[in-house]
1. Taking Met90 and the conditions (1) touching a Leu at 6+ places or on another chain (Cβ under 9 Å); (2) aliphatic (A, V, I, L, M); (3) assigned to a helix (DSSP H, G or I), which numbered condition does it fall short on, given that it satisfies the others?
2. Applying the selection to segment 200-228, what residues are under 13 Å from Gly95 (Cβ atoms) and assigned to a loop (DSSP other than H, G, I, E, B)?
3. Looking at segment 41-62 only, could you name the residues that are under 12 Å from Leu13 (Cα atoms) and either assigned by TED's automatic domain parsing to the domain that holds Arg111 or in contact with a Leu (Cβ under 7 Å, 6 or more places away or on another chain) (or both)?
4. Have a look at Glu60, Glu71 and point out the one that is in contact (Cβ under 8 Å) with a residue 24 or more places away in the chain, touching a helix residue (DSSP H, G or I) at 6+ places or on another chain (Cβ under 7 Å), of a type in the set (D, E, K, R) and assigned to a helix (DSSP H, G or I).
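The values are calculated or read from the model by the stated rules, or taken from the named source; none is laboratory data. Please read all numbers here as calculations on a predicted model, not as lab measurements. When we count neighbours, we look across all protein chains shown, and the Cβ atoms used for this are built from the backbone with ideal geometry, even at glycine.
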Amino acid sequence: MALSTEKLLARNLAELRRYLLDRELPVPDGFLQALEHDPRNGARQLALLIRKRRLRNRREGQRLRHLLRFELDLWQQGLHLIAGVDEAGMAPLAGPVVAAAVILPCHYKLRGLNDSKKILDAQRRDELAVQIKNDAVCWSAGRAEVREIDTLNIYHAGLLAMKRAVEGLVPQPEYLLVDARTIPHCTCPQRGIVHGDALSASIAAASIIAKTTRDAHMLEMDRMYAGYGFASHKGYPTLEHLQALKAHGPLPIHRRSFAPVRQALGLNPIQGELFDQPMTEATNAAK
């Protein structure tokens, strides 16, 4: 229950900070103006912090509304089961490529929802993934294994993982929003959106689930294969990973169609990585 302006003003500044900032409880009408005219410097500073929080919240609300623009267009057409689809793990030298498909409730907004690559804190990604899974109409993860990557190539293996993720949804979607491409042999209408994980709430949600699902798998691989550093780089071609590959040799989970792995085996390259990314980008993707 919100306190009145009079009761709030009777509290000391430390209590007010806990009540209004740490707990982010509502500020009653007139209270902010009263703080701004309070003779105490701490009270005026608190008022400034509250205004900054309001501005952040307003900007976040606008960002989240903008993130729903593709979904809103489809909802207005009478479609409700809209699935976002994305993958994680195209560039690593080891492990599967994992895709996720998510159907969010209509007009769904989750503070902090964004492209998984922009959420650098792993704990925050995990928290968002749990919340998305709890709130979603349904969600599914699919993957393509290393042998399929080596047989099909990484691009088509990524599409296969996406197709499997979509097939795992119950109920099945009425429309797909897919990051950057479209999924072959899929009967559902779909739209590929370049940079979709930063432009669509549904694709952003899928990117978070795909990323956290794959990261959890690579943590299991780290426990199984000590000395390669999978817990830190998740299979991406970081300097640490390349040094371990050279020192210890490839594992069964290494993609033998990728040039650095073939080089470690003394073989000629047949398939380079999909993305020729600098070492710093690979390091960032592993976080």
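1. If we test Met90 against (1) touching a Leu at 6+ places or on another chain (Cβ under 9 Å); (2) aliphatic (A, V, I, L, M); (3) assigned to a helix (DSSP H, G or I), just (3) comes out false.
2. Residues of segment 200-228 that are under 13 Å from Gly95 (Cβ atoms), as a first pass: 210-211, 213-222, 224-225, 228.
Within segment 200-228, Tyr225, Tyr228 qualify.
3. The initial filter retains those residues of segment 41-62 that are under 12 Å from Leu13 (Cα atoms), namely 41-47.
Gly42, Ala43, Arg44, Leu46, Ala47, listed by residue number.
4. Glu71
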